[in-house]
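A.B. asks: Got a structure for you, written out below as structure tokens; questions coming shortly.
The values are calculated or read from the model by the stated rules, or taken from the named source; none is laboratory data. Bear in mind that the values here come from a model prediction, so they are computed numbers and not experimental data. Neighbour counts run over all protein chains shown; Cβ positions are idealised from the backbone, glycine included. Please note that ligands, DNA and RNA were not included when accessible areas were found on the heavy atoms of the full protein model with its side chains. Shrake-Rupley method; radii C 1.70, N 1.55, O 1.52, S 1.80 Å.
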Amino acid sequence: MASATSSLWATTCLLFNLFSSLGLNGFYFSNANLFWHFRAVDMKNTIKVERAKLNMTRQDLADLISVSRQTINSIEAGKYVPSTVLALKIARAFKVSIKLIFEL
């Protein structure tokens, strides 16, 4: 059992270092299993500011671009990086360039 634990720990460290070097993060343990999620880029956005300029709620924007309010919330919070199509829809909803809303 100790050997299996040592092997798991060594593999975990190797994967952590590999994914960290690639800019991927989010390792966590649960019930002796290794899980991870990938967040390849941290993207900043000004969606909240743009919504405020237009006195628009998250639900208003979500309805306009056909996504859930939770999706807008996750994008604003930086927990979700939108697809290219979704980012373009958001920019079009605000009638501004995509470069004014999203930044790496």
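A.B. asks: Tally time: how many residues in the range 64-87 are surrounded by 14 or more Cβ atoms within 10 Å (Cβ to Cβ), of a type outside the set (S, T, N, Q) and out of contact with any Asp or Glu (no Cβ under 9 Å at 6 or more places or on another chain)?
C.D. replies: Qualifying residue count for the region: 10.
A.B. asks: Exactly one of (1) more than 14 Å from residue 101 (Cα to Cα); (2) in a helix (DSSP H, G or I) is unmet by residue 52. Its number?
C.D. replies: For residue 52, the exception is condition (1).
A.B. asks: Moving on to the next point. If we scan the range 29-45, do we find a residue that is modelled with pLDDT under 90, polar (S, T, N, Q) and open to solvent by less than 60 Å² (accessible area, probe 1.4 Å)?
C.D. replies: Kept after step one, since they are modelled with pLDDT under 90, are these residues of the range 29-45: 29-43.
Still in the list and also polar (S, T, N, Q): 30-31, 33.
Imposing the further condition that a residue be open to solvent by less than 60 Å² (accessible area, probe 1.4 Å) reduces the set to 30.
The answer is yes; a qualifying residue exists.
A.B. asks: Within the range 50-65, which residues are farther than 15 Å from residue 92 by Cα and among the β-branched types (Val, Ile, Thr)?
C.D. replies: Within the range 50-65, just 57 meets the criteria.
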